[in-house]
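S.K.: Below: one structure in structure tokens.
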Amino acid sequence: MYGATRRACSGRTLLMLTTALLLSVTGLLSGLPSSTEVKECDKPCMNGQCNTATGKCVCFPGWVGDQCQHCGGRF
């Protein structure tokens, strides 16, 4: 009788722990930003590339400005 009670309790404990773990993981994942979210740059990047994670232009060396449209003094 003692063995059957012990197995039933350990089975419930395992179920409760598994449920708690799944709920925790689901909660953590729901708070993370989507990895497939792509942001377009508002304006075209003239001398650089659009960073789709931030939605801002990343200028090539020597170029500055929100569209990488100004020479930064490098020749």
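The values are calculated or read from the model by the stated rules, or taken from the named source; none is laboratory data. Here the structure is a predicted model, which is why all the values come from computation and not from measurement. No Cβ is skipped: glycine too gets one built from the backbone with ideal geometry, and neighbour counts run over all protein chains shown.
S.K.: Filter the stretch 40-75 down to the residues that are assigned to a loop (DSSP other than H, G, I, E, B) and hydrophobic (A, V, I, L, M, F, W, C) and list them by number. Explain how you work it out, then say what you get.
M.R.: Let us first name the residues in the stretch 40-75 that are assigned to a loop (DSSP other than H, G, I, E, B), namely 40-47, 52-55, 60-62, 65-69, 72-75.
Correct list: CYS41, CYS45, MET46, ALA53, PHE60, CYS68, PHE75.
S.K.: Ok, one more. Output the residue which, of all residues in the stretch 30-62 that are loosely packed, with under 10 Cβ neighbours inside 10 Å and modelled with pLDDT of 90 or more, is farthest from GLY73 (Cα to Cα).
M.R.: Restricting to residues being loosely packed, with under 10 Cβ neighbours inside 10 Å and modelled with pLDDT of 90 or more, the top hit is GLU40.
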